[in-house]
Amino acid sequence: MYGGPKQTIVLEFDSKLIGAVYDRFGEKVAMMPSGGDRVVATVDVQLSPTFWGWLFQFGRQMRVISPETVVKE
């Protein structure tokens, strides 16, 4: 996404957002079930206002779970 440092992060999200993750990161993103109706994916991003805006639009349906420095941010 645009500007900011590159970082590999792990996202956890509702399975209904799989399409949104594919749209943003491409269909080659590996996803794994996380329990219940949740999925995890490891993606490379640039930590920028654009990324945070994209993430926050999903509210509690998506969150960063790793690395801890990005979770805290």
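The values are calculated or read from the model by the stated rules, or taken from the named source; none is laboratory data. None of the values given here were measured: they were computed from a predicted structure. Cβ sites come from the backbone with ideal geometry, for glycine too, and all protein chains shown count toward neighbours. In case anyone asks, the SASA skips ligands and DNA or RNA and just uses the protein heavy atoms, side chains included. Shrake-Rupley method; radii C 1.70, N 1.55, O 1.52, S 1.80 Å.
Restricting attention to segment 17-73, and to residues there that are touching a Ser or Thr at 6+ places or on another chain (Cβ under 7 Å) and among the β-branched types (Val, Ile, Thr), which single residue is farthest from residue 6 (Cα to Cα)?
Restricting to residues being touching a Ser or Thr at 6+ places or on another chain (Cβ under 7 Å) and among the β-branched types (Val, Ile, Thr), the top hit is 39.
Of everything in segment 39-73 that's polar (S, T, N, Q) and at pLDDT below 95, which residue is least open to solvent (accessible area, probe 1.4 Å)?
Out of the qualifying residues, it is 48.
For segment 22-38, give me each residue that is open to solvent by less than 40 Å² (accessible area, probe 1.4 Å) and farther than 19 Å from residue 67 by Cβ.
Passing the criteria: only 26.
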